[in-house]
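Everything on this sheet refers to the single structure shown next.
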Amino acid sequence: MINFIIRRLIGTVFLLIVVSLVTFAIFFLIPRLAGQNTYQLAAQYVGRNPTRQAVLQVEQQLGLADPLYLQYGRFLRGIVLGAHYRSGPSVTYCPPPCFGYSFRSQLPVWPQMMSDVPVTLSLAIGASVLWLIGGVSIGVLSALRKGTLFDRFSMGIALAGVSLPIFFTGLIALELFSYKWPIFPNVQFVPFTQNPVEWARNLILPWITLAFLYAALYARLTRAGMLETMSEDYIRTARAKGLPERKVVAKHGLRAALTPIVTIFGMDLGLLLGGAIITEVTFSLHGLGFFTVQAVNNQDLPEILGVTMLAAFFIVIANLVVDILYAVLDPRVRY
Amino acid sequence: MPDTLLEVEDLRIHFPTQDGLVKSVDGVSFSLERGRTLGIVGESGSGKSVTSLGIMGLHGGSARISGHIRLDGEDLVAASATRVRELRGDKMAMIFQDPLSSLHPYFTVGSQIIEAYRIHNDVSKNAARKHAIDLLGRVGIPQPSVRVDDHPHQFSGGMRQRAMIAMALSCDPELLIADEPTTALDVTVQAQILDLISDLQSEFGSAVIMITHDLGVVAELSDDILVMYAGRVVEYGSAAQIFGRPSHPYTWGLLSSMPRLDRERTSRLVPIPGTPPSLIRVPAGCPFHPRCRYGHLNGGRSETEVPQLRETEDTGHLVACHLTAAERAKQWGLLSAGNVPDHDKEAVPQGGVET
Amino acid sequence: MMRRRTFGLAALGAVAALALGACSSSGSGSGSSTSSPTSSTGAVAFNAGITSVVNPSTKTGGTLTFDWRSAPDSFDPGNTYYASDWDFARLYSTALMTYKNCPGACGKTLIPALATAPGTVSNNGLTWTYHIKSGYKFQDGTPVTSQDVKYAVERTFDRGVLTNGPSYFQVLLGGNAASYPGPYKDRSKNLMGLTAIDTPDASTIVFHLKAPFSDFDYVAAIPQTAPIPPDKDTGTSYQTHIMSTGPYEFQSYQLNKSAVLVPNPQWKASLDPSATQLASKIVVNMTMNPNDVDNRLLAGDAQIDFAGTGVQAAARAKILSNPSLKAQSDDPLTGFGWFFYIDSQVAPFTNVACRRAVEYATNHLNMQNAYGGPVAGGQIGTTVMPPTISGYTSFDLYEAASKPQGDAAKAKQELQACNQPSGFSTGIAYRSDRPTETQGAQALQQALSAVGIKTTLHGYPTATYYTNFAGVPKYMSSHNIGIAFGGWGPDWPDGYGFLDELTNGNTIVPAGNTNIGMLNDPVVNNLFTKAAGITNATERNAIWGQIDHQVMSDAVIVPIVYAKALIYRPASLTNVYFSQGYSLNNYAVSGVTGG
């Protein structure tokens, strides 16, 4: 098991390098293919109507005129060793992991991302607890009551949940529960450490919006999984032993049906930790997703690189945890 | 009979489906004494598994069960589900065909046996564990105190089936139903398992119902044999009677389609023509008649009249067939001498030859 | 004034309210007048804030909340180029000059802030001298000296560190300005290495220009002249630790999220005419959902929309249809103009008659609708400069106002005159992430095809529009794109601020070009030079009008609308009015009541 984890972690490092390379390439090479030169690139990060000298100064400060391999090397070195940055009267040291300085604000990217992480974390974890509990229980009940009105009704709602885009449900939720009937007025993020009650109250609408989509998915998945599991031979054996049906479902059925659900959950959570973009933008929550949108709109390479790598990291770690978890849950899968 | 453990009387198990009412078991009756082995043979779809599941009460709510199943005098069909559940695993136990899929992959073999034991017995975990190890030893699993903590996939096929048997016997059941216990195993292991069952039967004193399509298995173990077709009993008797003087064309078919050591290798096997009938639209009259080579000898009765289970000249040997005893003896004589019948029916409708 | 229209997320909500345009109270679509009966000061009525102070109050206390759909490029006064930032900066910084705090055109008047008086010009217009009021202190009690002002200007020369602000000082100053790298690199002479600025004593500062520039007082009003103590300057991170000289100082600032300002005890009202200290706390909430901002304003949870570009379509509908809400809103001309340019380097637009054909063919009514109609979009434009700019003169060379649907006959005549009787083909560039420009381009395409000019549409992202596409003359000619959409807001509200970068031949650059018409008309260029030497404001303003007229005659710009914005003022906001100085509501005098 330890060997397995180590191998995977090494693989993770390589994967992150590849991700950064691809992001780097997209950012620089594609505009170059369209004919953009470094002067034009630098001009994006200066105020309106700059003098030529101003653009060149920016070009130099951001290192845009350097060959790409040099820029990339600088980037990698920053992550591992930290970087020194000319910030004005002094040179500031940006400790590892240093994802560089924003082209726009000239401030270090890593602390900015880290300050956004709690928001995304709050949103993702809260929503995930909701959808896991909600979705799985509805899925189990639907499977056990297959064909009944409950089953049909809940699967119908689930279909709606899966089909409706988040910005639709989010905006409707805001319109109804924040503006029209001020049950949750003024949705703004309040840190947990500041006021747990307010933290939760403000996040309820985004949690429900996000969870609705996923709960629907998980209800359908769980239902399918349960139906399949409950038709397995070992369920029949459990009944043949005289186990009460409750225990058959809960201990023998659910456990097996949930294993794939757990793995999918790990992946979904990993993806969300990189930023629930649409939900965050709809509810003005300043998390990593919001950060991503701004970084892209501003063509801010260090921020784009930073958030891409962070998101990739979360996903890869989530995958690793999921694989380990699978081995823990399912004795047949052991390393 | 004073020693009757199980008495099945006119058991019918029907399943309503979108396509119609599936009559999986349609009037099955037999009895089983303590300590004896009954073998139930038949093709897939003959209703043998459905019958055994019905005895165990393992059918879901959609099954329509009528008739009587008396276990030690208690009617299981009339009993509440809770009562049947109490008996399940305790007084009557079942082992299944594929031990790999029938044992829960996530739990250790020991914990599954312990669970089976503790449902019906209020004992400590330690005591149950000791019992499980003991059982594993008795079914012939080496190093049982180590293997008790292994998972099913860590056992070989034969070992798994032994473990399953151990689990079934954990509560010392009076009735053990074995549904094709050796079908998924290879031949050498088959023999071991059958021996094991036989030994344990004498040791525990339980009655055994052995369900199989393999006549060789049946010959080994059974005291009595029940032949089922299309949800009904077509022949019933002791092993000696069934093998010695088979009386139903279906039984003849089963016996003839088996390769035999005492025949020429080059002599052809005589299969039963056709396919099992639809249980929704069971053929009228004798359900076997579309595939029977001898139906034409009955002057049309096979097509219209359902043959009843009647005793032959041997006591305790019952058969449901319109053929006269004399005719039966003659035809069996011909068959067992190796003569293939002249003509096979062509263009047989549903329940007959594949067209 | 530079007003960076930060659309971004707002683009999601900006739907052209065509129906709204037709239903607005002004009736027909050719635009409403900006003046309303001047209500007595204080009365709450529609458009009252354009010419009078609404809800005047000297009441102190309360929390004044600004909501913003975006975030500042920087709060550092030396590193910002948003009009809203410049307006707000007066709360925590003091430039040499500022705009008078009064509504309407009065708000364009320059008055001294940190300085004692407007600059004294000498040496044939090459030297400008200011004296700094005594008694000004930073928030830590340190007195302000002229060297702090010089240092503030000097640091803006290091564009690698402070990338955002305008470049006027680098362009206008003489001495070693062309090669001066900024005090971070040039530590000589005690950080006073820029020879173009002298500080003979602690309260005098002298600017030496390369060439006369009569608008220099406007330049002195840019926050880049707000003093910064060199020992407290941390370069890129100064924006999070600003030393205030204004009525408020920063208590906290979370980048891109929120800022809280509290009163600065060192500030003296008697010294500083540019701002007031009413609220006991100022909160700025940033990067919010624009619809959220509107709803909070309507609910009274916030007092001011920092961006100042008006409410979104949903709120607009609510406000205009509700008389009491409408009375709490203004629809001012924002000093911003939307146009499209005709690139005179791209054939056949090299011939002025072909350009004039486009001027005549344009259906101005459809264009106005594409931009949101009279209320949300603006008034149909006939000149380059909008009416609120000093120097504006009214004329209409191509009947844009009198024949708003265009004049196909005249257009065809012009086509004859430029030897393209059956029309020609060209491209139209626009910013595809802006619904207004997308619809405008489509409307234009239709109008031009009616006279035989076939066009292909080319949409580009806003982020790189000027740096890579429309602002790259080579790109335009090589791709045969003769028309490009754009807009302009001046850095200061006179003709120079509006016209120079758009029409002066000397401002053409190979990338990031804003003179997209590629106009290099010696008449225009000479008028600019002439105006730069005229110190008398009235005389100077007359010249802007002449330039405008010449540019329209050269037909390199086709005005679409003089932009308007529907701005809502919650009842709790005091001293609210629209000033043409920054073409925004005056943020520096705002207060808040319970109301």
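A few notes on this one:
- Percent RCO, i.e. relative contact order, over region C:252-406, from Cα pairs under 8 Å lying at least 6 residues apart: 14
- When the Cα positions of C:PRO290, C:ALA317, C:PRO473 are compared along the charge dipole of chain C, C:ALA317 comes out farthest toward the positive end, with charges on each C-beta of Lys, Arg, Asp and Glu.
- Lysine pairs with alpha-carbon atoms under 25 Å apart, chain A, spacing 8 or more or separate chains: 4
- Separation in nanometres of the label points that stand 7 Å from Cα toward Cβ, at B:ARG34 and C:SER478: 10.2
- For B:VAL233, the residues whose amide H sits under 5 Å from its own are B:SER29, ignoring neighbours fewer than 5 places away on the same chain, with H placed 1.01 Å from N.
- Cα long-axis angle, helix C:146-155 against chain C (0 to 90 degrees, to the nearest 10): 40
- Rounded D (µm²/s) - region C:171-325, Kirkwood Rh over Cα pairs, Stokes-Einstein at 37 °C, 0.692 mPa s: 167
- Shape call, region A:17-94: gyration tensor on alpha carbons, a/c limit 1.5: oblate
- Packing, taken as the mean count of other beta carbons within 10 Å per residue, orders the peptides B:152-163, C:325-336 from highest to lowest as C:325-336, B:152-163.
- Reachable lysines, given that their alpha-carbon falls under 16 Å from the alpha-carbon of C:LYS412 and they are not under 8 places away in the same chain: C:LYS403, C:LYS454
- Across C:LYS232/C:LYS268; C:LYS108/C:LYS189; C:LYS108/C:LYS210, pairs whose alpha-carbon gap is larger than 28 Å: C:LYS108/C:LYS189
- Counting only DSSP beta bridges whose two residues both lie in the protein assembly as shown, roughly 70 percent are antiparallel.
- The alpha carbon gyration tensor of region B:116-189 gives principal lengths a ≥ b ≥ c with a/c of 1.5 or higher and a/b no greater than b/c, which makes the shape oblate.
- One quarter of the convex hull surface built on the alpha carbon atoms of region B:4-227 amounts to 12.1 nm², the projected area averaged over directions.
- Whole-angstrom gap from region C:43-72 to region C:385-453, using each part's C-alpha centre: 38
- Average partner coverage of C:234-242, which counts Cβ from other chains inside 10 Å: 5
- Averaged over the residues of peptide B:94-107, the number of Cβ atoms from other protein chains lying within 10 Å of each residue's Cβ is 5.
- Measure of compaction for region C:177-246 (Cα Rg per 2.2 N^0.38 Å): 1.23
- Taking packing as the residue-averaged number of other Cβ atoms within 10 angstrom, the listed peptides A:38-47, A:2-11 run from highest to lowest as A:38-47, A:2-11.
- The residues neighbouring B:GLY140, those whose beta-carbon lies less than 11 Å from its own, together hold a net charge of 0 under the Lys/Arg +1, Asp/Glu -1 convention.
- Annotation for B:SER156 and A:GLU175: the two label points, set 7 Å from Cα along the Cα-Cβ direction, are 7.0 nm apart.
- Chain C - charge dipole about Cα centre, Lys and Arg +1 at Cβ, Asp and Glu -1, debye rounded to 20: 520
- The protein assembly as shown: Rg to Rh, with Rh as the Kirkwood radius over Cα pairs: 1.19
- Local electrostatic count at A:SER105 - Lys and Arg +1, Asp and Glu -1, tallied over other residues with Cβ under 11 Å: -3
- Estimated inter-spin distance, C:LYS530 and A:VAL22, nm [label 7 Å along Cα→Cβ]: 6.3
- Charge-dipole axis of region C:224-290 as Lys and Arg at +1 and Asp and Glu at -1 on Cβ define it, positive-most pick from C:ALA259, C:ILE228, C:ILE242: C:ALA259
- Using C-alpha pairs below 8 Å separated by at least 6 residues, the relative contact order for region B:4-227 is 28 percent.
- Across peptide A:229-239, the average count of Cβ atoms from other chains found within 10 Å of a residue's Cβ is 6.
- Rounded if a/c under 1.5, otherwise prolate or oblate - region B:227-281, Cα gyration tensor axes: oblate
- Span-like helix ranges in chain A, DSSP H, alpha carbon extent 18 angstrom or more, Kyte mean at least 1.6: A:2-33, A:301-329
- Per-residue 3J(HN,Hα) values for region B:133-146, derived from phi via the Karplus relation 6.51 cos²θ - 1.76 cosθ + 1.60 with θ = phi - 60°, read 4, 4, 4, 4, x, 5, 8, x, 8, x, 6, x, 6, 8 Hz in sequence order (x marks Gly and Pro).
- The mean of 1/r over all pairs of different alpha-carbon atoms in region C:483-595, once inverted, gives a Kirkwood hydrodynamic radius of 16.4 Å.
- Positive-pole candidate from B:ILE65, A:ILE26, B:GLN18, dipole of the protein assembly as shown, charges at beta carbon: A:ILE26
- Region A:21-89 and region C:504-541: distance between their alpha carbon centers, rounded to Å: 33
- With all pairs of separate Cα atoms included, region A:214-280 yields a Kirkwood hydrodynamic radius of 13.4 Å.
- Percent antiparallel among DSSP beta bridges (both partners in region B:4-227, rounded to 5): 50
Bear in mind that the values in this text are calculations on the coordinates, not laboratory data. Quick caveat: nothing in here was measured; it's all calculated off a predicted structure. Backbone-built Cβ (ideal geometry, glycine too); neighbour counts: all protein chains shown.
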